[in-house]
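For reference, the structure is listed below as structure tokens.
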Amino acid sequence: MSIAQAIGPHIPYLRRFARALTGSQASGDAYVAALLESLIEDRSIIGDMSNSRVALYRAFCSFWQSVDVNLVADRDIESGPAGKADRRLGRITPRARQAFLLVSVEDFTPGEVATILGLTADEASGLIDQAGTEIAEQVATDVLIIEDEPIISMDLAQMVKGLGHAVAAIARTRTEALAAAARHKPGLILADIQLADGSSGLDAVNDLMKSVSVPVIFITAYPERLLTGERPEPAFLITKPFSPDTVKAIISQALFFDMAPGEAPRTATG
């Protein structure tokens, strides 16, 4: 298979990544075009092609860091929610911005992020954490955790606090979740599906959504209960057992891209 055949299907997604990374489609496309022109001249730029998608993004990220192709001058940032996200991205340290987008938008694993950015696994994890912290500085909020397993709820609480957010409450049942949300209006909900008293985290969230409009991340050992195709499926779903890097990246993604249009970030209370 030729390089063109191998990387061709990934180009539209690379353009999406480049646009988010640079702040404008024109600037992003300029980088993509420049990389492709360089590949025509020197195919060794792309390196190991055992995973063509990883290889293409690795070449692009290396290229982006070494060549200045209209990175700032043409930032045609849109108005509205999309423009708000672009401005937030622009405030994230470039290297951490790459790691965040690779995980949250392009759906690479933390291990693949390390390969793409030429880092160790620990260094890549550190960048994901850094991005989460920098995002929290912009959109810090109070998080309601609906989880009946004490060890998991403690782990989730530590992740939330480590990113710079606050834990509004930890609820073990549907009733506790509704009471907690009434006392402390959350800006984000982390919810298990099967709760301690046999009640449903999904039902609890559906009840909560009648009075609040916030991002929800479902964390469950039973994803098939949500991915049925019979009802609107959740935007954010994490399967147990989970990677802490994945949870932190999805928390940042949910808050960064899913805040209600025009809504001011809620201030963390602890």
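The values are calculated or read from the model by the stated rules, or taken from the named source; none is laboratory data. Predicted model only: the values in this text are computed from it and were never measured. Glycine gets a Cβ as well: all are built from the backbone with ideal geometry, and neighbour counts include every protein chain shown.
Quick check on segment 121-139. Is at least one of its residues touching a His at 6+ places or on another chain (Cβ under 7 Å), under 24 Å from Arg97 (Cβ atoms) and touching a residue at least 12 places away in the same chain (Cβ under 8 Å)?
yes
Return the only residue of Thr133, Thr115 being among the hydroxyl-bearing types (Ser, Thr, Tyr), surrounded by fewer than 21 Cβ atoms within 10 Å (Cβ to Cβ) and either closer than 15 Å to Leu255 by Cβ or in the same structural domain as His165 (by TED's automatic domain parsing) (or both).
Exactly one residue qualifies, and that residue is Thr133.
Go through segment 233-249 residue by residue and tally those that are aliphatic (A, V, I, L, M), crowded, with 17+ Cβ neighbours inside 10 Å and at pLDDT below 85.
Number satisfying all stated conditions: 1.
Looking only at residues that are outside any strand (DSSP E or B) and either in contact with a Ser or Thr (Cβ under 9 Å, 6 or more places away or on another chain) or aromatic (Phe, Trp, Tyr) (or both) in segment 235-247, which one is farthest from Ser104 (Cα to Cα)?
Result: Lys240.
Filter segment 140-162 for residues that are surrounded by 23 or more Cβ atoms within 10 Å (Cβ to Cβ) and among the hydrophobic types (A, V, I, L, M, F, W, C) and give the result.
Val143, Leu144, Ile145, Ile146, Leu156, Val160
Which of the residues spanning segment 155-192 are among the aliphatic types (A, V, I, L, M), without any contact (Cβ under 8 Å) to a residue 40 or more places away in the chain and in a helix (DSSP H, G or I)?
We begin by selecting, within segment 155-192, every residue among the aliphatic types (A, V, I, L, M); these are 156-157, 159-160, 163, 166-171, 177-182, 188-191.
Cutting the leftovers down to without any contact (Cβ under 8 Å) to a residue 40 or more places away in the chain gives us 157, 169-171, 177-182.
If the condition is that a residue be among the aliphatic types (A, V, I, L, M), without any contact (Cβ under 8 Å) to a residue 40 or more places away in the chain and in a helix (DSSP H, G or I), then Ala157, Ala177, Leu178, Ala179, Ala180, Ala181, Ala182 are the ones that fit.
What single numbered condition from (1) in contact with a Gly (Cβ under 7 Å, 6 or more places away or on another chain); (2) farther than 28 Å from Arg91 by Cα fails to hold for Gly47?
Unmet condition: (1).
Across segment 92-119, what is the number of residues that are over 21 Å from Met159 (Cα atoms) and outside any helix (DSSP H, G or I)?
3
Of the conditions (1) at pLDDT 90 or above; (2) more than 18 Å from the chain's Cα centre (by Cα); (3) at positive phi, Ala168 clears all except one; give me its number.
The failed condition is (3).
For Val139, state whether it is modelled with pLDDT of 95 or more and under 30 Å from Val105 (Cβ atoms).
no
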